[in-house]
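Enquirer: Dumping the structure here so I can ask a few things about it.
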Amino acid sequence: MIKEKVLDVNKLAIHLLPSPKYKTTTLVLQISTKLEEETVTARALLAQVLKSATRTLPSRKEIRRYLDDLYGASFMMEVQKRGEEHVITMKMETANEKFLQDNTPLFQKSTDFLKSVLEDPYLDKEGDFSEKIIREEKRILKQQIESIYDDKIRYANKRLVEEMCKGEPYAIHAYGFFDQIDNLTTKDLQEEYERMLAEDDIRLFVTGNITEEEAVNAGNVFSLSSHPELHTPAPALDHVKTKPDEVLETDDIQQGKLHIGYRVPIRFADDEFAAMQVMNGLFGGFPHSKLFMNVREKESAAYYAASRYDSQKGLLLAFAGIEASNYKKVTSIIEQQLAELKEGSFTEESISQTKKMLKNQLLETADSARGLIDLYYQGVIGGRKRDLESWLAEIDAVTKQDITDCALNVSLDTTYFLHGEEEIN
């Protein structure tokens, strides 16, 4: 098993995950702050602007050419919502020069490139972000937000979260707000950029055939600081409703999208986390789950049926693609599946199968460098260090009673249904 080493290099946390099995080296900068309406759109646009040009590589084309010269290195930058934090992720993956015949210092060049993207961006003669680049990136960000509406499953999930978490940071989408984009100025981006470098929690993850000395040298390249105090998850709010909300919306679609949100007072840092993972697996996480087998297979009442557990926020979300005429039938079946979990109406065989699939899923994720880094970053965001070995052991230790106890803590919050003009039954 890969053991994580966390190094403090000039106040920058370096998370080293050394492994000789990777022929590539992966560097990931994670930049996080609290989700806030006032900053989320500027941060999303800022990420677009930063990745498009640096002082020495002032265009996307020149960046691509430079990466090609590094034996086809890959670089990406994205924004995500992790619990109630807004995270900008910069990923760089390149071949490990130890496995090449020439002596090109690819690891050093990769580190230098990441530094240039974040700390040495392209500025105009007045020392501001380029208006031309900003205009283009505004257009792209708008397209990204509009694309959510075009994907009805993503759109329905976004609407469920907005309705379910009104007044909470979690209701905010990682891309920000469409109607704020045009009003953002160069000054707004400059102010958010300076605030981000000074206040955000910034961490460098490194994995590959890399020594501790090399990781320290990489950390010394940056002029950044980590702020671990950011990662103190807010306590789970008591949002158990006496009467759950129901939201019905119409659109020009053939297949209805049923999304149901439940509150769960169990987070990543809690001892019950692994049991909650198993409970979700039994509910709708896998092809043998209750939702898949009973809603889709047995009753043929859905095109798809599944569930997802968000351990950073404490939500359980169920999804199904259905005909409007099956709305009441399917919601009733889903309610029954959760009731059976609360009653302990499931077999030891199904528990064993779920544990096996969960562990395989974890091992497959950890098999890729980027996946491994993501697993360990969950611990940073979630406020509890949980290495892969202990995570697997926790899953193995889950009992039937543990699963039932988790299910009993699940409470219905909001049902959202997006459908066509046909009548609901």
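Enquirer: Hey, Arg308 hits all of (1) assigned to a helix (DSSP H, G or I); (2) at pLDDT 95 or above but one; which does it fall short on?
Expert: Against the list (1) assigned to a helix (DSSP H, G or I); (2) at pLDDT 95 or above, Arg308 comes up short only on (1).
Enquirer: For segment 93-148, what are the residues that are of a type outside the set (Asp, Glu), closer than 30 Å to Thr211 by Cβ and not in a helix (DSSP H, G or I)? Talk me through it step by step, then tell me what you get.
Expert: The initial filter retains those residues of segment 93-148 that are of a type outside the set (Asp, Glu), namely 94-96, 98-101, 103-111, 113-118, 121-123, 125, 127, 129-130, 132-135, 138-145, 147-148.
If we keep only those that are closer than 30 Å to Thr211 by Cβ too, we end up with 94-96, 98-101, 103-111, 113-118.
Listed by number, the residues that qualify are Thr94, Ala95, Asn96, Leu100, Gln101, Asn103, Thr104, Pro105.
Enquirer: Based on what the data block shows, is Glu84 among the charged types (D, E, K, R) and in contact with a Phe, Trp or Tyr (Cβ under 6 Å, 6 or more places away or on another chain)?
Expert: Yes; evaluated as a whole, the condition is true for this residue.
Enquirer: May I ask you to verify whether Ile210 is over 18 Å from Val79 (Cβ atoms), assigned by TED's automatic domain parsing to the domain that holds Gln378, in contact with a helix residue (DSSP H, G or I) (Cβ under 9 Å, 6 or more places away or on another chain) and not in a helix (DSSP H, G or I)? Working first, answer last.
Expert: On the way: over 18 Å from Val79 (Cβ atoms): yes; assigned by TED's automatic domain parsing to the domain that holds Gln378: no; in contact with a helix residue (DSSP H, G or I) (Cβ under 9 Å, 6 or more places away or on another chain): yes; not in a helix (DSSP H, G or I): yes.
So Ile210 fails the test.
Enquirer: Name the pairs: first residue in segment 48-68 and in the same structural domain as Thr89 (by TED's automatic domain parsing) and surrounded by fewer than 21 Cβ atoms within 10 Å (Cβ to Cβ), second residue of a type in the set (S, T, N, Q) and not in a helix (DSSP H, G or I), Cβ to Cβ under 8 Å, at least 6 apart or on different chains?
Expert: Filtered contacts from segment 48-68: Ile63/Thr54; Leu67/Ser74.
Enquirer: Okay, next question. Quick check: anything in segment 236-245 under 30 Å from Ser116 (Cα atoms) and surrounded by 15 or more Cβ atoms within 10 Å (Cβ to Cβ)?
Expert: Within segment 236-245, the subset under 30 Å from Ser116 (Cα atoms) is none.
No, segment 236-245 contains no residue that is under 30 Å from Ser116 (Cα atoms) and surrounded by 15 or more Cβ atoms within 10 Å (Cβ to Cβ).
Enquirer: So is Ile260 in contact with a strand residue (DSSP E or B) (Cβ under 8 Å, 6 or more places away or on another chain) and either modelled with pLDDT of 95 or more or among the hydrophobic types (A, V, I, L, M, F, W, C) (or both) or not? Even if it seems obvious, please write down each step before you answer.
Expert: Details: in contact with a strand residue (DSSP E or B) (Cβ under 8 Å, 6 or more places away or on another chain): yes; either modelled with pLDDT of 95 or more or among the hydrophobic types (A, V, I, L, M, F, W, C) (or both): yes.
Taking the combined requirement at face value, the residue satisfies it.
Residue-wise test of (1) surrounded by 22 or more Cβ atoms within 10 Å (Cβ to Cβ); (2) closer than 30 Å to Thr24 by Cβ.
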{"residue": "Glu194", "(1), (2)": "no, no"}
{"residue": "Leu197", "(1), (2)": "no, yes"}
{"residue": "Phe222", "(1), (2)": "no, yes"}
{"residue": "Pro265", "(1), (2)": "no, no"}
{"residue": "Ala274", "(1), (2)": "yes, no"}
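Enquirer: How many of the residues in segment 337-389 are closer than 19 Å to Asp405 by Cα, outside any helix (DSSP H, G or I) and in contact (Cβ under 8 Å) with a residue 12 or more places away in the chain?
Expert: 2
Enquirer: Please count how many residues of segment 384-425 are among the polar types (S, T, N, Q) and either in contact with a Phe, Trp or Tyr (Cβ under 7 Å, 6 or more places away or on another chain) or at positive phi (or both).
Expert: In the first step, residues of segment 384-425 are kept if they are among the polar types (S, T, N, Q); the result is 390, 399, 401, 404, 409, 411, 414-415, 425.
Now restrict to residues that are either in contact with a Phe, Trp or Tyr (Cβ under 7 Å, 6 or more places away or on another chain) or at positive phi (or both): 411, 425.
Summing the residues that are among the polar types (S, T, N, Q) and either in contact with a Phe, Trp or Tyr (Cβ under 7 Å, 6 or more places away or on another chain) or at positive phi (or both) in segment 384-425 gives 2.
The values are calculated or read from the model by the stated rules, or taken from the named source; none is laboratory data. This one's a predicted model, so the numbers in the text were calculated from it and none came from an experiment. Here Cβ is always computed from backbone atoms with ideal geometry, including for glycine, and neighbour counts include all displayed protein chains.
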